[in-house]
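The values are calculated or read from the model by the stated rules, or taken from the named source; none is laboratory data. Model, not experiment: these values are computed from the prediction. Because the Cβ atoms are built from the backbone with ideal geometry, glycine has one as well, and the counts that use them run over all protein chains shown.
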Amino acid sequence: MLGEYPIQGRRASEIARSVEQAIASGAWEPGSALPPQRALAERLGVNPNTVAAAYRTLRERGVIETDGRRGSRVRAKPAVTTRAAIRVDVPPGVRNLSDGNPDVALLPPLTAAFTAAAARADRDPVLYGAEPVDPDLARYARRAFDRDGVPDGPTAVTSGSLDALERVLTAHLRVGDTVGVEDPGWGSVLDLVPALGLRVAPVAVDDDGPLPDEVARVLAAGARALIVTDRAQNPTGAVIGADRARSLRAVLARHPDTLLIEDDHGHGVVDQPLHPLAGGTAHWALVRSAAKAYGPDLRVAVLTGDQVTLDRVRGRQSLGPGWVSLLQQRAVAHLWSSGAVDPHEVAASYGARRDALITALAARGVEARGRSGMNVWVPVPDETGAVARLLHAGWAVAPGARFRTRTPQGVRITVSTLSGDGTGTDVEELAEAVARAVAPAPARRST
C-alpha cells in the first residue's frame, strides 16, 4: 500500500517520522490512504495501540486526517509540505511577480537606525533579566494603536507576524479546535493552523474583507478563533471598511468567547484607515509587523491584546527564546520615531501600480482585485495553465493554490517591481500577457 514506500518503525515516534518523511519527499501525495491501523500493526509486529498513537501524533501535527470508515489519509495540504512549495521556479530572464516582496526602493536605509541601536548597546549592554520590550518601541506602538482606535492593552514583541499568530493561538486553543481563516488568504496561515493540530474553517472574503454571514456560519458551527486581515489582505488587497467592521463586530458580539486575531501587516504601506474589530470578545490580539514597510529581515512585530492573552504569550516566550533582540527593537523604534517611511507616499506608489494593472486588465476584459497593498488577485479558469503560459511569456506569478481552500482558481501578481508610477510599458505588456494566458483555448475545427 502507498506505492513503494513502506512504513517503518517499532515505536510510535518512529512510525510517525517514517510517514512524514514519505510525504515530505513526495513519495506520497495528498489524499493518499494510510493502511488500516491493525493491518499496519500486524505487518510491523507491534501493538495496535502503538500505531494508533503514531496516527494520533500525525493528526495533531496536521499531517493526516481521519474520516470515519474512509480511514486515515494524507491531508490535502499536509503540514510537512507547506504551501510555500506550491511556487514557480523563476528561470533567468523572467520577471518575478510571484514572491510578495516589497519594492526595495521604498524600504528605508537601516544604517543609521542600527548604528544608534548598537551605540546604545555599547554603552549599556543588554543582559539576562532585562525587560523584554524596549520602552520606546512600546510607547511609539501604543501611540499608533491609540490613533487607530485599538483598545488599550499590554504590549509584546515577537519575531514577525506569524510568530505572533502562533503564540496567540497556542495560548488559548487545543488540538482539534477550529479556526476561521480567510479564503483566499495568507498561505502561511493556512499552513500554520493545521500544523498546530487545529482545523481550518474557510471564510470567504470580498473587497471589504470577511463576509459577515460567513463569519457567523463558522462561529455558529463551533469555531473557537477567527483570524482576519484588516488591510492589504493577502492575496486580494481587501480592506475592512467602517460598515463591514460594524457588521463583523455585531457577529462577534454574539460569540463573545471567540479568540479574535487581527493581522495589520499593512501598517506603514496602506493609507486607508484602520477599523479594528477588537473589543467585543473576551480574548483578542492585534499584530503589526515591520516587514512590509521597513524590510522582511527585521523580524519584528508588535502586538497588543487583552491581559490574559498577552500574559500567556509573554510567559511562554520567556521559556523559549526569551525575547526578541533589543538591538532590533531599538532599530525599529528609531525608524518609527525618525519618520523613515512616509505611509502615504508608499501607499500611493503601490496604489498607482495596482490601479494601472487593474485598469489595463479591465480594458482587455479581465477581472482583477486589489484595493490596497502590493498584490493583485486575478480569477482564472485554469491557474496551472495560466501560470505556465505566463512563465513562457516571461512573467512569473504565484499560483492561487498557495492561498485558497474553497475559493475558485486564481493567480496572485505582486506589483512591487512594476514601473513606479504605474504608467510604464511593462504594465501594458503584462496585462496583454495575462489576457492571453486566461483566454479560453480556441475550439478545434472538425474535419
| request: Looking only at region 290-324, count how many residues are under 13 Å from VAL133 (Cβ atoms) and free of Cβ contacts under 8 Å to residues at least 40 places away in the same chain. | output: 0
| query | Can you name every residue in region 339-391 that is buried (at least 23 other Cβ atoms within 10 Å of the Cβ) and either in contact with a Ser or Thr (Cβ under 6 Å, 6 or more places away or on another chain) or not assigned by TED's automatic domain parsing to the domain that holds VAL411 (or both)? | reply | MET374, ASN375, TRP377
| When you go through VAL46, VAL51, VAL19 one by one, which is the residue that is buried (at least 18 other Cβ atoms within 10 Å of the Cβ), of a type in the set (Val, Ile, Thr) and in contact (Cβ under 8 Å) with a residue 40 or more places away in the chain? | VAL19
| said: So the check is Cβ under 8 Å with 6+ separation or different chains; which pairs have a first residue in region 409-426 that's more than 15 Å from GLY373 (Cβ to Cβ) and a second one that's among the acidic types (Asp, Glu) and in a loop (DSSP other than H, G, I, E, B)? | reply: GLN409/ASP382; GLY420/ASP103
| remark: Of (1) farther than 17 Å from ALA352 by Cα; (2) touching a strand residue (DSSP E or B) at 6+ places or on another chain (Cβ under 8 Å); (3) modelled with pLDDT of 95 or more, THR414 fails just (1)
| query | For GLU182, all conditions in the list (1) more than 15 Å from LEU165 (Cα to Cα); (2) of a type in the set (Asp, Glu); (3) in contact (Cβ under 8 Å) with a residue 24 or more places away in the chain hold save one; what is the number of the exception? | reply | (1)
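Here is a list: VAL269, VAL251. Which entry is in contact with a Phe, Trp or Tyr (Cβ under 8 Å, 6 or more places away or on another chain) and either hydrophobic (A, V, I, L, M, F, W, C) or crowded, with 24+ Cβ neighbours inside 10 Å (or both)? Please lay out each step first, then the result.
Values: VAL251 fails: in contact with a Phe, Trp or Tyr (Cβ under 8 Å, 6 or more places away or on another chain).
Of the residues listed, the single one that is in contact with a Phe, Trp or Tyr (Cβ under 8 Å, 6 or more places away or on another chain) and either hydrophobic (A, V, I, L, M, F, W, C) or crowded, with 24+ Cβ neighbours inside 10 Å (or both) is VAL269.
If I go through region 127-181 residue by residue, how many of them are of a type in the set (Val, Ile, Thr) and within 27 Å of ALA216 (Cα to Cα)? If you could, list the steps in order and put the result at the bottom.
Applying the first criterion (of a type in the set (Val, Ile, Thr)) to region 127-181 yields 133, 150, 155, 157-158, 168, 170, 175, 178-179, 181.
If we keep only those that are within 27 Å of ALA216 (Cα to Cα) as well, we get 150, 168, 170, 175, 178-179, 181.
Counting residues in region 127-181 that are of a type in the set (Val, Ile, Thr) and within 27 Å of ALA216 (Cα to Cα) gives 7.
Suppose we filter region 341-373 for residues that are acidic (Asp, Glu) and within 23 Å of ALA433 (Cα to Cα); how many remain?
Qualifying residue count, region 341-373: 2.
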| message | Tell me yes or no: at least one residue of region 392-409 is closer than 22 Å to LEU107 by Cβ and surrounded by 22 or more Cβ atoms within 10 Å (Cβ to Cβ). | response | yes
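Going residue by residue through region 303-313, is there one that turns out to be within 27 Å of PRO109 (Cα to Cα), in the same structural domain as ASP148 (by TED's automatic domain parsing) and at pLDDT 95 or above?
Yes, some residue in region 303-313 is within 27 Å of PRO109 (Cα to Cα), in the same structural domain as ASP148 (by TED's automatic domain parsing) and at pLDDT 95 or above.
Let's see how each residue does on (1) surrounded by 23 or more Cβ atoms within 10 Å (Cβ to Cβ); (2) farther than 30 Å from GLU345 by Cβ; (3) under 16 Å from the mean Cα position of the chain (by Cα):
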site: GLY280; (1), (2), (3): no, yes, no
site: TRP284; (1), (2), (3): yes, yes, no
site: ASP297; (1), (2), (3): no, no, no
site: VAL300; (1), (2), (3): yes, no, yes
site: GLY315; (1), (2), (3): no, yes, no
